[in-house]
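Structure, as structure tokens:
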Amino acid sequence: MQYKIVFSDIDGTLLNHDRVLSPATISTIKNLKDKLPFILISARMPAAMRHLQGDLDINEQPIICYNGGLILVNGKAVSSTEIPINTLEKLCDFNKTMNCHLSLYHSDEWYVPQYDQWAAREENNTKVKPEIKSNTDILSSWKKDNKGAHKIMAMGDEAHIDEIKNFLSQNFPDQLHLYRSKSTYLEIANKEVSKLTAIKFLLKNHFNLSPEESVAFGDNYNDVEMIKGVGMGVAVGNARKEVLEVANIVTQSGKEDGVANSLKELFKINIQD
């Protein structure tokens, strides 16, 4: 099979130990980008992905944000799937007794109730600064504008995250996708979308290619469906067991330039030092 497009997760997959793109990764993707599209696909917001696009010189390519909740082509939303405002209100009401950190995201908007350790950690990881505004104020504003959330990030001690996960599982089993990236993190998105649904949307509507002609790289639970659903699913060496089990091949870890090494092999890229 001749592969004609590449999709790559970011955190845990494409970035090195310092959470940046290594020189080897940058040079390999720059060498590849004129031959076929290289698309970033992540749970991140657009602003946390654009600087990486710039580093890779692929600004003209679409990006898939919020695990498929938002797809941008030429900077414009071609697909947007939100969590309804009434669901947000019920979660915020439930959270009042615990006061767990709830980050609310819509497109390039990121709101935090206060600048705490959780907000600081996410800012350090994504290079984006949040706006401080209470969840109540955001809900009031979004209600007037008929907006929902592309993602909610609940962050706090493990027991509180357990309670929030149980509450959402019991009350919105068919509406929400709950992704526990760490014991202290819960990423919440609309269940209608995933990285694979977003890939299929872009392939059909923008590239006129099939999933079988696609390569995808990933490491975590939210990458399983994507890795399983494309022609060449590649797990980095540090991937979760569930990802390793469905991958066609396993490359080196993200910290060891696994994506770059695999691209060189798959597409016969020879870069002189």
Along principal axes, largest first, the alpha-carbon spread of region 29-171 in whole Å comes out as 53, 31, 27
Along the dipole axis of region 85-190 (charges at Cβ: +1 for Lys and Arg, -1 for Asp and Glu; origin at the Cα centre), the most positive-end residue among G148, N171, Q114 is G148
Over all viewing directions the Cα convex hull of region 32-99 casts an average projected area in nm² of 5.9 nm²
The helix 117-126 Cα axis meets the longest alpha-carbon principal axis of the chain at an angle in degrees, between 0 and 90 and rounded to 10, of 30 degrees
As straight-line cross-link partners of K268, the qualifying lysines (C-alpha separation under 30 Å, not fewer than 8 residues apart within one chain) are K4, K30, K33, K35, K195, K200, K204, K228, K241, K255
Quarter of the surface of the C-alpha convex hull for the chain, i.e. direction-averaged projected area in nm², equals 13.8 nm²
Counted neighbours (other Cβ, 10 Å), sorted fewest up, put T13, T251 in the order T251, T13
From fewest to most C-beta neighbours within 10 Å, the residues I39, I64 line up as I39, I64
Rounded to two decimals, the Rg over Rh value of region 201-273 from Cα coordinates and the Kirkwood Rh reads 1.01
Using alpha carbon centers only, region 105-179 is separated from region 1-56 by a whole-angstrom value of 26 Å
Rounded to the nearest 10 degrees, the helix 23-32 long axis (Cα) sits at an angle to the longest Cα principal axis of the chain of 70 degrees
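Every number in this text was worked out from the coordinates using simple rules, so none of it is lab data. What you are looking at is a predicted structure, and each value in this text was computed from that prediction instead of being measured. Every residue, glycine among them, receives a Cβ derived from its backbone with ideal geometry; neighbour counts consider all protein chains shown.
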